[in-house]
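The values are calculated or read from the model by the stated rules, or taken from the named source; none is laboratory data. Predicted model, so just to flag it, every value in this text is computed and none were measured. Reconstructed Cβ throughout: ideal geometry from the backbone, glycine too, with neighbour counts over all protein chains shown.
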Amino acid sequence: MAAKNVTTATFQADVLSSAKPVLVDFWAEWCGPCRMVSPILDEIAGEHGDKITIVKVNVDEEPALAQQYGITSIPAMQVFQGGEVVKSIIGAKPKPALLADLSSFIN
Amino acid sequence: MHEVIIIGSGPAGYTAGIYTGRAGLNPLLIASSVEAGGELMKTTEVENYPGFPTGLQGPELMDAFRAQAERFGTEVLLDDVIEVDLKGPVKIVKTGGGKTFEAKTVILATGAAYRELGLPREKELSGYGISWCATCDGFFFREKTIAVVGGGDSAMEEATFLTRFASKVYLIHRRDSFKASKIMQERALNNPKIEVIWNTEVSELLGEGKLTGIKTTNLVDGTQNTLDLDGLFIAIGNDPRVWLVENQVTLTPEKFIEVDGRSSKTSLPGVFAAGDVIDPTYRQAITAAGSGCVAALDAEHYLSNLK
């Protein structure tokens, strides 16, 4: 299951107002590590979609969102809960490491 | 049981895959889950790899390496090796994905990892102004002031690449000359956006939650300076990635895997090593590829003697 693409126009509805925690994956085509981590996030979404929603922001298309959330390095994965960033994960990591980072949301 | 397991997916690992694959050994190549393709995945233009007179992109080159290895039956697994037991005749390799494999031979091509400055809060500020990947993060520094630390080819490449985005790039180096190749140096030195700060090291990282600048120390006269920065890119070299095997195979005093002469033979029978993990000197894609070929031929020879 591929993660939904989120834009400035849909960020409020898809992320900030979500009842469930939402992991936002800030990525770009030209970022090799982003392409590696993307299928891992899809797997996590498939396995834990009932607890956490995973969406993507393409920083090339949405530079304002990247700037607003202070992104200076990608892949950057920020977990939003109740409209706030509650967790930041920087850089591509293997699946077990990502699951450990997300343990408080998915267990 | 596998004939050959290759750990690593840079030029050395994939070349070992091409050769052992063509030798009919059905190698398993464990490529890493998030760093498959290795170091070259983070570079842009590769101009010095023979056979490509007009150059090509690093990731493109690695895709071609992988395709060529797979063409000859190399199985590429996107998983991370977390533990090995290489001492006996049956080598055990365990992955983060929970799999355990056995093999008669193992080729270690784990490469090298970025060296850190070793300053307080370096980790904390990584991703918040400190970066290890110019091609990934340069985009976020449009019209900003940044610095690159280092004096080798990768520092020159990063500084030059970053001028596409940044308004100003300081290039900070500990010595009074660069060890980078002449062509890369000239490109950096002739770039009007790049200002070199010689004989200087970064002594402190400034900023709370986000990098705002650095303190520098001049290594000749000891003077200290503060530099306001939006970003700091660190390219001060790499350290061989040996943590998997450091208690099993003999290392050199510099912590590279020790190999016998011009071969790839480590201190353990059936265990071979190739690429940046054995090479303190050359560390080029082409030398790593050559080294992967050596390891494949050594492994093939070892296997034929077992029969």
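Test B:Val259 against the stated conditions and say whether it is without any contact (Cβ under 8 Å) to a residue 40 or more places away in the chain and within 23 Å of the chain's Cα centre (by Cα). The answer is yes for B:Val259.
Restricting region B:88-120 to residues that are within 14 Å of chain A (Cβ to nearest Cβ) and charged (D, E, K, R) leaves a set whose member that is surrounded by the most Cβ atoms within 10 Å (Cβ to Cβ) is B:Lys94. For first residues located in region B:39-68 and on the phi > 0 side of the Ramachandran plot, partners that are modelled with pLDDT of 90 or more and of a type in the set (Asp, Glu) and lie 6+ apart or on another chain with Cβ distances below 6 Å form the pairs B:Gly55/B:Glu47. Out of the residues in region B:126-145 meeting the condition of being more than 19 Å from the chain's Cα centre (by Cα) and more than 10 Å from chain A (Cβ to nearest Cβ), tell me which one is surrounded by the fewest Cβ atoms within 10 Å (Cβ to Cβ). It comes out as B:Glu143. Inclusion of A:Lys56 among residues that are away from every other protein chain (no Cβ under 14 Å) and either over 23 Å from B:Asp79 (Cβ atoms) or in a loop (DSSP other than H, G, I, E, B) (or both) is warranted.
For region B:141-156, a residue qualifies if it is in a helix (DSSP H, G or I) and at pLDDT 95 or above, and the qualifying residues are B:Phe141, B:Ala155, B:Met156.
Restricting A:Asp42, A:Asp50 to those that are more than 8 Å from chain B (Cβ to nearest Cβ) and either under 11 Å from the mean Cα position of the chain (by Cα) or not in a loop (DSSP other than H, G, I, E, B) (or both) reduces the list to A:Asp42. Scanning region B:157-177 for residues that are in a loop (DSSP other than H, G, I, E, B) and more than 23 Å from A:Ala66 (Cα to Cα) turns up B:His173, B:Arg174, B:Arg175, B:Asp176, B:Ser177.
For region A:1-39, filtered to residues that are β-branched (Val, Ile, Thr) and farther than 27 Å from B:Met41 by Cα, the residue that is nearest to the chain's Cα centre (by Cα) is A:Val22. One residue stands out among those in region B:249-305 that are aromatic (Phe, Trp, Tyr) and part of a loop (DSSP other than H, G, I, E, B): the one that is farthest from B:Thr110 (Cα to Cα), which is B:Tyr282. On the stretch given as region B:116-140, residues that are part of a helix (DSSP H, G or I) and touching a residue at least 60 places away in the same chain (Cβ under 8 Å) total 7. Count of region B:208-221 residues, restricted to those that are crowded, with 17+ Cβ neighbours inside 10 Å and within 14 Å of another protein chain (Cβ to nearest Cβ), is 1. Residues that are among the acidic types (Asp, Glu) and free of Cβ contacts under 8 Å to residues at least 12 places away in the same chain: does region A:71-87 have at least one? So far as region A:71-87 goes, yes, one or more of its residues are among the acidic types (Asp, Glu) and free of Cβ contacts under 8 Å to residues at least 12 places away in the same chain. Taking region B:158-173 as the range and being surrounded by fewer than 23 Cβ atoms within 10 Å (Cβ to Cβ) and under 14 Å from B:Cys136 (Cβ atoms) as the test, the residues that pass are B:Phe161, B:Arg164, B:Phe165.
Scanning region B:51-92 for residues that are part of a strand (DSSP E or B) and under 18 Å from B:Ala109 (Cα atoms) yields B:Glu75, B:Val76, B:Leu77, B:Val81, B:Ile82, B:Glu83, B:Val84, B:Asp85, B:Lys91, B:Ile92.
So which residues in region A:3-31 are in contact with a strand residue (DSSP E or B) (Cβ under 9 Å, 6 or more places away or on another chain), aliphatic (A, V, I, L, M) and without any contact (Cβ under 8 Å) to a residue 60 or more places away in the chain? The answer is A:Ala3, A:Val6, A:Val22, A:Val24, A:Ala28. Take the conditions (1) closer than 25 Å to B:Asp239 by Cα; (2) touching a residue at least 40 places away in the same chain (Cβ under 8 Å); B:Ala166 misses just one of them, which is (1). Evaluating B:Gln57 against the criteria (1) of a type outside the set (Lys, Arg); (2) at pLDDT below 95; (3) surrounded by 19 or more Cβ atoms within 10 Å (Cβ to Cβ) leaves one unmet condition, (3).
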